[in-house]
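A short write-up of the structure that comes next.
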Amino acid sequence: MAPDPTSGTVSQRPATLPVHDPADGTVVGEVRYADAESAREAADAAARAFPGWSGLPARERADRLMAAAALIAGDADRIGALLSRETGKRLPEAIAEVRFAAEYFRWFAEQVRRPAGDLLTAEKPNRRQVAASRPVGVAVCLSP
C-alpha cells in the first residue's frame with residue numbers, strides 16, 4: 001500500500017501499477033507510483049550529485065553523454081519493441097523514437113564541448129567583463 005500524501009495515511013492503492021499491451025492486454029511490466037516525496041527525494045539526490053558533475057571537465061561530461069547516447073542507440077531495437085508493446089505504436093515508429101532520444105544525448109554532448117562565452121563592453125576603461133556558460137543547477141521535469 002502507498003502513503004496518501006494528502007492525509008498521511010496509507011491508501012488502498014498498490015505500490016505498483018501493471019502496464020498492459022494495448023493490443024492484447026498482456027502485462028508488459030509494472031511501474032511504481034510516485035508522489036511528491038518521491039520527487040523531492042530524486043531532486044535532492046540530483047542536487048547532491050551536482051557539484052561532482054559540474055566540477056568535471058567539459059570533455060568528460062561530453063564523453064559521458066556520448067556514452068549514454070551509444071547505449072541507447074545500441075539497444076534501440078529492444079527498447080523500441082518495449083515501447084511498441086507499452087503504447088501500441090508501430091514498431092518502426094517506436095524504434096525511430098528511441099534513436100531520436102539517443103540523438104538528444106549526442107546533441108547535448110556536442111554542446112558541452114562548445115562552451116559559449118561573451119566578451120562584454122565594460123563600463124570602466126581598462127577592464128574586461130566576460131560572461132561564461134557553466135552548469136547552474138538541477139532541473140526537475142515530470143513526464144507522464
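Summary table below
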| read-out | value |
| --- | --- |
| Test for ALA43: is it closer than 30 Å to ALA116 by Cβ, aliphatic (A, V, I, L, M) and touching a residue at least 60 places away in the same chain (Cβ under 8 Å) | yes |
| Filter result (open to solvent by 70 Å² or more (accessible area, probe 1.4 Å), assigned to a loop (DSSP other than H, G, I, E, B) and of a type outside the set (A, V, I, L, M)) within segment 119-144 | THR121, GLU123, LYS124, PRO125, ASN126, ARG127, ARG128, SER133, ARG134, CYS141, SER143, PRO144 |
| Residue tally, condition more than 23 Å from ASP24 (Cβ to Cβ) and touching a Leu at 6+ places or on another chain (Cβ under 9 Å), over segment 69-106 | 3 |
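The values are calculated or read from the model by the stated rules, or taken from the named source; none is laboratory data. Since this is a predicted model, take the numbers as computed values, not measurements. For neighbour counting, all protein chains shown are included, and Cβ atoms are generated from backbone atoms with ideal geometry for every residue, glycine included. Calculation scope for accessible area: heavy atoms of the full protein, side chains included, ligands and nucleic acids excluded. Shrake-Rupley method; radii C 1.70, N 1.55, O 1.52, S 1.80 Å.
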